[in-house]
Structure formats: structure tokens, C-alpha cells
Amino acid sequence: MTHDHDLVLRPTPAQTEAALNPPPGRTGGDLVVETLAGLGATTVFGLPGQHALGMFDALRRSDLRYIGLRVENNAGFAADAYGRITGEAAPLLLSTGPGALTSLAALQEAAAASAPVLAISSQVPTAGLGGGRHGYLHELPDQAASFRGVVKSVHTVRTQSQIPSAIEAAWKSALSAPHGPVWVEIPQDVLLARTVIPVVTGGDAFPEELPPRPELTAVAADLLSKADRPAIIAGGGVVRADASKKLRQLAETLQAPVVTTPGGKGAFPWTHPLSLQSWIEDRHTTDFLEDADVLLVVGSGLGELSSNYHTFKPRGRVVQIEADLGKLESNHPALGIHADARLALQALLETVSEREDPTAPERVRGLLSKVAERISAQELTLEQEVLASVRKALPADSPSFWDMTILAYWAWSAFDAKGPNHLHSAQGAGGLGYAFPAALGAAAADPTRPVLAVSGDGGALYSIAELATARQYGLNVTWLIVDDGGYGILREYMTDAFGEATATELTRPDYVALAESFGVPGVRTTPENLEQDLAKQLASPGPSVVLLPAVLRMFAPTHLD
């Protein structure tokens with residue numbers, strides 16, 4: 001009798017010959033790039049540094065494409081977007097100490113948004129590990145400790161033989177639900193030393209699945225099938241799991257209205273009769289969801305933004321499907337189902353009973369009408385027209401990346417993404433500077449579509465250096481910069497809270513001239529000409545900048561009422 005654990009994959013004669021006679025001149029760095037290639041990676045992002053040169057030298061001997069950014073944090077944002085667009089783990093190569101630490105904000109965003117980033121950093125030489133103070137350049141007592149609270153998993157390599165296994169384990173971790181960033185660190189001497197380890201020719205790139213417990217989905221299906229007023233909140237987990245079609249099928253079977261969170265933009269068709277769209281920061285929407293007798297929450301932790309700043313208090317039964325165990329029932333008691341959204345939705349589809357509810361579309365129309373009336377009473381025509389111009393100019397299948405800026409906050413609620421995985425922002429961790437470098441990563445992932453980045457002038461100043469990256473690689477990104485002379489949303493917050501703003505006003509450059517100094521075309525536009533100017537630049541290959549001087553306002557919050 002043969003058992004599964006007795007089966008051994010035997011090398012072919014060619015593999016045996018290659019193993020016995022590896023090519024000369026290889027180092028630990030070659031083991032890194034060979035393992036990445038064996039796992040299926042084709043593109044890596046990063047920034048070289050003294051301790052990491054062994055990895056970067058090995059790139060020269062590989063077929064991997066390298067996209068080098070000018071700031072490590074921006075390289076992390078680019079890898080984040082590449083991972084979101086492709087669904088693959090995006091390798092990010094970094095150096096020790098300052099280089100590694102500079103990526104922390106980007107890795108926090110990747111963690112919050114469940115973006116699969118495989119960060120591989122160098123370390124000081126092996127003799128310097130262990131917490132002593134040896135005086136190496138870039139030395140930290142415990143570099144990995146700085147990342148343990150941010151990434152999904154940390155993998156420290158001490159010998160060359162550990163490199164393939166450590167990177168493969170990290171790759172699987174990044175791609176197992178919930179997706180997220182992982183950290184691998186390898187000492188400088190391990191990367192530089194010659195190696196006799198055979199060429200890495202493959203790897204197990206298949207992550208572990210996270211199916212739901214059947215007894216829980218059975219209860220959930222019964223609750224939803226018997227509900228009088230079911231409703232669904234769809235979060236980023238639906239997008240990451242590529243489960244939008246299953247979500248739509250379930251909503252139609254149950255006749256359950258669906259609202260999407262900022263992270264779940266595009267998970268449900270915007271104009272569908274059951275679509276509550278994305279007005280989740282609206283009290284009318286909050287009331288609607290509170291009135292549901294059974295509320296299905298898929299791929300969302302019901303955090304600050306997706307709960308109207310924790311004012312949401314459900315009165316009915318909550319069913320929460322969430323791949324991140326730490327988010328399950330963390331804000332509201334629920335029937336918690338720890339599972340990948342795609343697998344859980346499939347299980348529900350197989351067990352729910354079809355509901356008839358002719359009132360559901362009518363209730364959806366009534367809610368959207370109330371929201372429209374609230375917004376129209378606030379004299380926000382400029383903001384709505386600017387957002388509409390962006391939507392008209394952007395091709396329906398093009399992705400967009402939004403910084404933490406007033407126009408992005410409008411987009412969370414009022415922008416039709418035209419499909420899943422099309423609209424991305426830094427709403428997970430909320431750091432500045434995300435949009436442009438992330439858009440560069442998306443353009444590297446798919447050069448066939450133009451990509452839009454949207455920033456305010458404050459966020460743009462975080463990313464100006466990457467105009468050089470865009471120009472160097474000819475990446476097809478149009479960058480819309482809304483220039484209001486400062487940190488616009490903080491100006492509003494402080495004025496409302498304290499009567500006047502402090503530290504929010506910025507001296508800013510001539511962004512058009514600055515773009516042109518990098519060899520990137522720039523155009524200054526107006527709200528009236530925005531659609532035409534933006535569409536023209538999006539239709540032109542390569543990078544470009546569109547500058548819109550405008551002071552935009554936010555719609556009034558409802559969580560403070």
C-alpha cells in the first residue's frame with residue numbers, strides 16, 4: 001500500500017545534472033531571485049542599498065523585471081498596487097535599517113488593505129545579529145521587531161540553505177486569506193557569499209485555502225432565507241477574493257440591498273436595482289442598515305469608515321464573513337464565519353432559499369433619493385462636477401488610485417468604479433503619498449490600460465521624486481493634482497473644531513513646470529476644461545500631470561449629529 005506521505009517527486013535527469021553542476025559565480029542573492037522566479041514572480045520593485053547589493057547584482061543574471069523607485073515607501077506603495085491588480089505576491093527588495101524602516105507606512109497600508117507584498121530586506125552581517133551593538137552601518141538591535149506589528153509574518157534567514165524555504169513560506173503567507181504583506185530578512189554576508197546550492201528550479205506557489213465551517217453557513221443561510229429585510233455590506237475582502245459575481249448572485253437570490261465600503265468599491269454594480277452604492281458615511285444609509293433584520297457583512301471588519309465612524313448600531317442579527325480572525329466580531333456581536341469571502345459566498349449560494357421581495361428596489365430608490373436631497377442642499381455643485389468630469393474622462397476599464405485628499409473622500413461615496421478592483425485608495429491606513437507610486441505599480445502590472453492617480457498638493461509632495469521613475473520606465477500614468485494650497489481636509493477639520501487652522505498652509509511649486517523638468521508633459525486646467533484635458537492626457541501614452549487649482553469642500557458629516 002502506498003500512502004500520500006510516501007510519494008516523493010523524483011528529479012528528472014536534466015534536473016539532476018543541473019543540481020550536480022550548478023553554474024559558477026552564483027551567490028546567495030541568486031538564490032533569492034531564482035526562488036522568486038520559481039514561484040512565478042516576473043516583476044520586482046525596490047531600491048538598492050549597501051547590504052542588499054548581493055540581491056541586486058543577482059537581478060542582472062535573472063529574467064526578472066526590476067522597477068526601481070526613488071523612495072522605499074513609494075516602492076512599497078507600487079508593490080502594493082501591483083499585488084492588488086494581479087492578485088500575485090509583489091516582491092519588494094530593500095536594504096537594511098533606514099531603507100527597511102522607510103517602507104513601514106506602505107506596509108501598514110498593504111496590511112490594512114490586504115495587499116500581498118513580499119518584502120525582502122537585507123540585514124547586517126550574521127555576526128551582528130542577536131541584539132548586541134557591533135557598530136555596523138544601518139544596524140538595529142532587532143530589525144524584525146519593527147515589522148512584527150505591521151506584517152502578517154516575519155522570516156529571518158541565517159544560512160543560504162534557508163533562503164528558498166523562507167521565501168516560499170513567506171510567499172504562501174502573503175497569498176493566504178487574508179492577503180497581506182510579509183517580511184523576509186537576509187544578512188549581507190549570506191547574500192554575497194558564493195554558493196554551491198543547486199539552482200532553484202521551482203516552488204510550491206499555492207497558498208492555503210480558508211473554507212467556511214459548514215455548520216455556520218447552514219445557520220447563516222437559514223437566517224438570510226427567512227429574513228424580512230436582509231441587507232449586505234460588502235467590503236474589500238470581496239474584491240481581494242474576486243468574489244463580486246458570487247456576491248451579485250447571492251444578493252439577487254435574496255433580494256437583499258447591497259452597500260459597498262470604501263475598500264469594497266466596485267464589488268457590486270453601481271446602477272443595479274439593489275445597489276445602495278457607497279454612501280456608507282450617510283445617516284440615511286446607517287438607518288437603513290440598522291433596520292435590517294439580518295445583515296450580512298462580507299469582507300469587512302466594520303471599522304471606523306465602514307460604520308459611519310462607529311455610530312452604526314445594528315438592531316437585527318449580524319452575520320459576518322471575514323478572513324482576518326482579528327476582525328471577526330471585533331466591533332459587533334455576530335454569527336462570525338472565519339473564511340475567504342469567495343468560498344463562504346459559494347457555500348451560501350448552495351444552501352440559501354430564494355426570496356421574493358418586490359419592495360427591495362423601491363426601498364433602495366427611496367434611500368438614494370434621500371441621500372441626493374441631503375447633498376444637493378449643501379451647495380456642492382463644484383465638487384460634484386469635478387468628480388463627474390473625472391468619471392467621464394477615465395476609461396471604464398482603467399484603474400484609479402486616490403490619495404488621502406478631499407476629492408478621494410468624495411470618491412469613496414459618490415464615484416462609480418465601473419467594476420471590482422478598479423478603485424484603490426489609502427483608506428486602510430490613511431497615509432499620504434499613496435496615489436502616484438501605487439498607480440506606477442498598476443501600470444507596471446498592466447501596461448495596456450491608462451492608469452489615473454489623484455492627489456492633493458500636500459500628498460503630491462510626498463511623491464514628486466517618482467516623476468523620475470515614471471519617465472524612466474515610460475509608465476502610462478496620468479496624475480491629477482488638485483492644488484488648494486495646503487492640507488485641505490485638515491484645514492476644514494481644524495477650522496470647524498478650533499475656529500482657525502494651524503500648520504495646514506503650504507508653499508508649493510509650479511507643478512506643471514516641475515513635471516516638465518522631469519520630461520513629463522504637464523497641463524494646467526480648470527473645472528470647466530477638466531474632462532477634456534484629463535481625457536486627452538489619459539489617451540496619450542506615457543506619464544503626464546494635470547494640475548487643477550481648486551478649493552473643494554467636503555459634504556457635511558452625519559456622524560456628529
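The values are calculated or read from the model by the stated rules, or taken from the named source; none is laboratory data. Remember, it's a predicted structure, so these values are computed and weren't measured experimentally. Ideal geometry is used to build each Cβ from the backbone, glycine not excepted, and the neighbour counts take in all protein chains shown. The accessibility values were calculated without ligands, DNA or RNA, using every heavy atom of the protein model including side chains. Shrake-Rupley method; radii C 1.70, N 1.55, O 1.52, S 1.80 Å.
If you take the beta carbon distance between L53 and A169 as r and set R0 to 25 Å, what does 1/(1 + (r/R0)^6) give as a FRET efficiency, to the nearest 0.05?
Working: r = 25 Å, r/R0 = 0.99.
Given R0 = 25 Å and the Cβ-Cβ separation, E is 0.50.
Note on the chain: helix-only mean residue ellipticity at 222 nm, from DSSP H runs of 4+ residues weighted -39500 (n - 2.57) and normalised by residue number, equals -11000 deg cm²/dmol.
Order V294, V71, V551 by their accessible area, 1.4 angstrom probe, all chains in place, largest first. Spell out each step's value before the answer.
On the way: V294 10, V71 50, V551 95 Å².
Correct descending sequence by accessible area is V551, V71, V294.
Using a probe of 1.4 Å on the protein chains alone, the accessible area found for H134 is around 100 Å². Volume per residue of the convex hull around the Cα atoms, evaluated for region 300-444, comes out as 178 Å³. Each of the peptides 335-344, 160-169 was scored by the mean count of other Cβ atoms within 10 Å over its residues; in descending order, highest first, they stand as 335-344, 160-169. Once both labels are positioned 7 Å from their Cα atoms along Cα-to-Cβ, the gap between T448 and S353 label points is 4.5 nm. Expressed as a whole percent, the proportion of Cα-Cα pairs in region 496-561 lying more than 17 Å apart is 60%. Roughly how many percent of the accessible protein surface of the chain is carbon and sulfur, given a 1.4 Å probe and a whole-percent answer? Carbon with sulfur: 53 percent of the solvent-accessible area.
Checked against a 26 Å cut-off, the cross-linked pairs K172/K327; K327/K418; K265/K313; K226/K265 give Cα-Cα distances beyond that limit for K327/K418; K226/K265. Taking a straight line from the alpha carbon of K536, these lysines sit under 16 Å away, with near neighbours fewer than eight places off in the same chain left out: K392. Counting only protein heavy atoms and using a 1.4 Å probe, the accessible area of K313 comes to about 120 Å².
Normalised radius of gyration (Cα atoms, divided by 2.2 N^0.38 Å) for region 258-328: 1.04.
Residues E139, E215, sorted by accessible area with the largest first, give E215, E139 [1.4 Å probe; ligands and nucleic acids excluded].
Its residue count N fixes a reference of 2.2 N^0.38 Å for region 228-371, and the Cα radius of gyration divided by that reference is 0.92.
Between amide H atoms placed 1.01 Å from N, distances below 5 Å from S121 occur with L94, V184, E185, I186, all of them 5 or more places distant or on a separate chain. Measuring with a 1.4 angstrom probe and ignoring ligands and nucleic acids, S114 comes out at about 20 Å² accessible.
How would T96, T253, T495 rank on accessible area, largest to smallest, probe 1.4 Å? Before the final figure, lay out each step's value.
On the way: T96 0, T253 35, T495 60 Å².
Ranked from most to least accessible, the order is T495, T253, T96.
Other residues whose C-beta falls under 15 angstrom from the C-beta of R61 contribute a net charge of 0, scoring Lys and Arg +1 and Asp and Glu -1. Full extension of the chain between E528 and L382 yields a length gain of 51.6 nm, computed as 0.36 nm times the residue separation minus the alpha carbon distance.
Angle check, please: helix 244-254 long axis (alpha carbons) against the longest principal axis of the chain (alpha carbons), in degrees 0 to 90, nearest 10. The angle comes out at about 40 degrees. Reducing region 437-458 and region 101-135 to their Cα centroids gives an inter-centroid distance of 25 Å.
Hey, what's region 453-494 come to in accessible area per residue, 1.4 Å probe, Å²?
Counting only protein heavy atoms, the per-residue value for region 453-494 is 29 Å².
When only Cα pairs below 8 angstrom with a gap of at least 6 residues are kept, the chain shows a relative contact order of 13 percent.
Pop the C-beta distance of D63 and L137 into the FRET formula with R0 = 25 Å and round what comes out to the nearest 0.05. Spell out each step's value before the answer.
Numbers: r = 32 Å, r/R0 = 1.26.
Efficiency at R0 = 25 Å is approximately 0.20.
Counting only heavy atoms of protein chains, what accessible area per residue, in Å², does region 249-335 have with a probe of 1.4 Å? Show your work: numbers first, answer last.
Working: 2790 Å² over 87 residues.
Value returned for region 249-335: 32 Å² of accessible area per residue.
Overall, the ratio between the Cα radius of gyration of region 374-504 and 2.2 N^0.38 Å, rounded to two decimals, is 1.09.
Only bridges with both residues in region 438-561 count here: give the DSSP antiparallel percent, nearest 5. Please report the intermediate quantities before stating the final value.
On the way: 1 of 16 bridges.
For region 438-561, the DSSP antiparallel bridge percentage is about 5.
When the alpha carbon gyration tensor of the chain is reduced to an equivalent ellipsoid, the three semi-axes, largest first, read 40, 32, 20 Å.
Note that region 453-532 carries a Kirkwood radius of 14.0 Å, evaluated over its alpha carbons pair by pair.
What percent antiparallel are the DSSP beta bridges of the chain, to the nearest 5? Kindly include the intermediate steps, with their values, before the conclusion.
Numbers: 2 of 61 bridges.
Rounded to the nearest five, the antiparallel share is 5 percent.
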